[in-house]
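Encoded as structure tokens, the structure appears first; notes follow it.
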Amino acid sequence: MNKVIFMFLILLFNTNIYTQESNIRYINADIFPVLGKATENTLTRYERLPDSLQQMISPILWNLGCNSAGLAVRFRSNSSTIAAKWEVREDVTLNIMTSTAIKGLDLYCLNEDGKWLFAGSGHPQGKSNQAILATDMLPKEREFMLYLSLYDGITSLAIGIDSLASIKQPQIDSPKQTKPIVFYGTSIMQGGCASRPGMAHTNILERWFNRECINLGFRGNGLLDPEIAEVMAGVDASLFILDFLPNATAKHVKERADLFYSIIRSKHPDVPILFTETIFVRSTFNEQWKKEIQERNKALQSFFNSLKRRNEKNIYYLSAKDIIGHDGEATVDGVHFTDLGFMRYAEVLYPILKKLIE
């Protein structure tokens, strides 16, 4: 008897899914604005680097630029259900990061008080994906923001709504796209290892500031490539955050930091630039890593002091001492942040960035 009941519930569940899907129509997301791009001159819509760099930078860095970290699609709809169909480039899997964060989607809705609230996630099944993100909502006009995958690239995206519902361009400028905040960094900056796309700290800060944030984090390749500095310099930014030490060694800092900084500063003489130290929780007991992190931070301090000595203005420095707390509980592997780590980092950065922007 229990087996019969179980099979009936499974059948009922699948029938409900089928009924929902049959009442959904899909619209190509290419007609809606995308936030988080440093340039529109990309080979495909959901990439981060200009097509001109394809033959100029390493293949690894180029492929990472095809990841859609920090990108978000904005739209407005009165649908009671929001769904999505999407395809990813590589179908990446990692043993320390959820598939939803790597190649899934995150839906946020603008509340009446002007705050973005989480509405649902799109959990991937592989390269080709289809999911209901939110359902059984009151059918009224709402502003939506759909965060894209952090560690894989989106090659196609369609948004699903009720068959009789409408979908249109956003009517509210939120997050504001003028004077974005530009972040440069490593795998942590790219979002490793948040549980879902909306929990990367750049996306958290984008919602808190109501201001577009551009994520130029490249896992394993935050190595101060001057070509990336040129991309950053092309953005009419309110603030630049340079957080490269999880990848860049002391040698990298000594050899490359000055050129990287100078490229940005030459085009933005008055925009604040914040340098951030790094901390690895694994260095608490690992003496080799402790020495390595100390050397990297010392090299950055030395470079920053050299900028001060030559009278560079609007430069700022953030110690890593307090950025993710002191209990050792904010990483997945002693290096990459969990949601707790990203939230703590965002809470540290918020008042600093707010002051610099103002």
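All of the numbers you see were taken from the coordinates with simple rules; none came from a lab. Just so it is clear, the model here is predicted, and its values are computed rather than measured. Because the Cβ atoms are built from the backbone with ideal geometry, glycine has one as well, and the counts that use them run over all protein chains shown.
Some notes on this structure:
- Of all lysines in the structure, the ones whose alpha carbon falls short of 21 Å from that of K308, not counting any fewer than 8 places away in one chain, are K251, K254, K267, K298, K355.
- Karplus-derived 3J(HN,Hα), 6.51/-1.76/1.60, for each residue of the stretch 167-175, Hz, glycine and proline x: 9, 8, 5, x, 9, 10, 7, 8, x
- Residues whose placed amide H lies under 5 Å from that of G122, excluding near-sequence neighbours: L105, D106, L107
- Normalising by residue count, the stretch 240-358 has a Cα convex hull of 101 Å³ per residue.
- In the stretch 187-252, Cα pairs under 8 Å separated by at least six residues give a relative contact order of 32 percent.
- Gyration tensor (alpha-carbon) shape descriptor, the stretch 249-288, a/c threshold 1.5: oblate
- Under 5 Å, built H, 5+ apart or other chain: amide partners of R142: S77, N78
- Relative contact order %, the chain, counting alpha carbon pairs below 8 Å whose residues are six or more apart: 16 percent
- Diagonalising the gyration tensor over the Cα atoms of the stretch 237-307 and scaling each eigenvalue by 5 before taking the square root yields semi-axes of 26, 12, 9 Å, largest first.
- If you take the alpha carbon atoms of the stretch 143-297 and fit the smallest convex hull around them, that volume is 134 Å³ per residue.
- Taking amide H as placed 1.01 Å from N in the peptide plane, the amide H of T331 sits under 5 Å from that of T338, each at least 5 places away or on another chain.
- The trypsin sites (Lys or Arg not before Pro) of the stretch 266-329 that meet both conditions, a loop assignment by DSSP and at most 15 other Cβ atoms within 10 Å of the site Cβ, are R310, K313, K321.
- Gyration tensor (alpha-carbon) shape descriptor, the stretch 186-263, a/c threshold 1.5: oblate
- Relative contact order for the stretch 18-105, counting Cα pairs under 8 Å that sit 6 or more residues apart, in percent: 26 percent
- Each helix, a run of at least 4 DSSP H residues, gives -39500 (n - 2.57); summed and divided by the residues of the chain, these come to -10000 deg cm²/dmol at 222 nm.
- Angle in degrees between helix 2-22 and the longest Cα principal axis of the chain, rounded to the nearest 10: 70 degrees
- When only alpha carbons are used to place a centre, the stretch 67-111 and the stretch 322-358 end up 23 Å from one another.
- Dmax and Rg, reported as Rg then Dmax, of the chain (C-alpha, Å): 21.4, 82
- The angle between the Cα long axis of helix 250-267 and the main principal axis of the chain comes to about 80°, on a 0 to 90 degree scale.
- Two-decimal Rg/Rh across the stretch 28-181, once Rg and the Kirkwood Rh are taken from alpha-carbon atoms: 0.97
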